[in-house]
Amino acid sequence: MNEFTTGGVRCALLCCEGMLSTSTITELVLHPITRINLALPNAELLLDHIENNLLLSVDRPIVKNYGELFRTINSGFAVLVVNGGNHALAFGVQGYAVRGISEPSGEANIMGAHEGFVEVIRTNMSLIRQRLKSPMLVQELSVIGSRSQTDVCLCYLRDRVPRELLSHIKQSLSRVRLETVLSTGYLRPFVESRRFEIFSSTGTTERPDVLCSKLLEGRVAVLIDGVPFAIVIPKLFCESFQTLDDYAFKPYYAVFIRWIKYAAFLISILLPSLYVAVSLYNPELLNSTLLMILAQAEKEAPITLMFEAVGALLMYEIIREAGLRLPKAVGGAVSIVGGLIIGDAAVKSGLVSTPMLTMVALAVTAGFVVPEISQSVTMLRLLFLVAGGTLGLFGISLVGCIVLVNICSTEDYGFPFTAPISPFKVGGMRDTASREGFRSMQDGGFTVEEYHE
């Protein structure tokens, strides 16, 4: 706290050390304020003079109570308190250390922009405004978290978003009673359905260009201060297989890559279970040569095929988690130990057969193609494996029906998760099963309002 007298009135400038720029506050705030001269010293006249005659910063909120006072100070503002005044003035002079704009770590692309969101919410808002210079773009700031007082921004295009969707999202966010919000996972359960969903009906992105494309389709985005990811509401299942590069390549190549992703998704969740089910219950489906190879490889294994596959998958998850959590300096050693030592030793010792290790490796590698739904894919892979190992192909079919029913029944705010496949829309398939050129796509763009029930 810095106390001083200006215009004959006692004042104090409150700020939080380390969260503001010393040079900025000295040049733009302290120097102009200390030079004020008033004929009649009065708190209200001083505040009125500063508000109407001085432009000390671009961001100048008015503080009316102690709650707003503590929140603005902890957000990097300098607050001017005048003796006898009924409110205080805040000046945006933030200068705390922030991470620079860099390429997103989880959504790499070849021909698109290489800018990603950062932890500062106002920087993220400017990245969106830079790409959508439309007066219809609305960015509404609010505060969530009784202790953290976290800034949350709701972004949408006024002429594209369905009013009912926007109203429901605002109601959902108003019901949040958390003490703090530290990641997107704190808010996503409040904007999703209470029913059990295998795949999340809200998406996340750390790319401003991807978020702008969703806003143009009528979606709503939620930015959280301190989090370099934005929540997109609603999300469609088919979007997990789409990337920004699909729209930079030739349509025929984009269609080829997109169908590879669909195939990789099925391989990732079904390959180990099909291998176990066919080997145990339906060996007649294999030709004699392949059957002899599998029988020769498995006759030395001390455990059943199902437990062999489950053990291999669990070992992979342990190695992956260890490599992810360890410091980068030693994280690479985990892959070497897991791949060369554990994998090779397990095969040579007979604990895991070579065909089983091959099937597990193919399934895991295929799962890398769709990283956005990797969590769900991991659990589905194990679920299908247990079903195939206990009930054979019938168990796989049964679990497949359950999963399909869950996906088709998933919807938030009346927007089906499986659109445009179910309910089927011919126009929407132009950018789902295939990818048409922009000359034909510009005649009728996709909007989520078409699928509102």
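Please treat every number below as a calculation from the coordinates, not as lab data. The shown structure was predicted, so the numbers you read here are calculated from the model rather than taken from an experiment. In this analysis, Cβ positions are derived from the backbone assuming ideal geometry, glycine residues included, and neighbour counts consider all displayed protein chains.
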Note, L266: beta-carbon cut-off 14 Å, +1 each Lys/Arg, -1 each Asp/Glu, net +3
Given charges at beta-carbon only (K, R positive; D, E negative), |dipole| of segment 2-92 in Debye
60
With +1 at each Lys and Arg Cβ and -1 at each Asp and Glu Cβ, the charge dipole magnitude of segment 227-315 around its Cα centre, to the nearest 20 debye, comes out at 300
Using 7 Å Cα-to-Cβ label points, what is the L55/R129 separation (nm, one decimal)?
1.5
Neighbourhood net charge (13 Å Cβ-Cβ; Lys/Arg +1, Asp/Glu -1) for V210
-4
Only Lys, Arg, Asp and Glu count, each charged at its Cβ (+1, +1, -1, -1), so figure out the dipole size of the chain about its Cα centre, rounded to 20 debye.
140
Once Lys and Arg get +1 and Asp and Glu get -1 on their Cβ, which of I73, I50, I36 lies farthest toward the positive end of the dipole of segment 35-78?
I73
Extension gain from R10 to H87, taking 0.36 nm per residue of separation minus the Cα-Cα distance:
26.3 nm
Show me the trypsin sites (Lys or Arg not before Pro) within segment 72-136 that DSSP assigns to loop and that have at most 12 other Cβ atoms within 10 Å of their Cβ.
R99, K133
Are any of the pairs K170/K250; K170/K261; K214/K261; K261/K348; K170/K235; K214/K425 more than 28 Å apart by Cα-Cα distance, and if so, which?
K170/K250; K170/K261; K261/K348
Using a Förster radius of 35 Å, what is the FRET efficiency between S193 and N282 based on their Cβ-Cβ separation? Nearest 0.05, please.
0.40
Please say if segment 139-212 is rounded, prolate or oblate, where rounded means a/c under 1.5 for a ≥ b ≥ c the square roots of the C-alpha gyration tensor eigenvalues, and otherwise the choice is prolate for a/b larger than b/c and oblate otherwise?
rounded
Tensor-based shape of segment 1-123 (alpha-carbon gyration tensor, a/c under 1.5 rounded, otherwise prolate or oblate):
prolate
Once amide H atoms are placed 1.01 Å from N in the peptide plane, what residues at a sequence separation of 5 or more from D59, or on another chain, have their amide H within under 5 Å of its amide H?
G92
Quick check: from the Cα gyration tensor, does the chain come out rounded (a/c under 1.5), prolate or oblate?
prolate
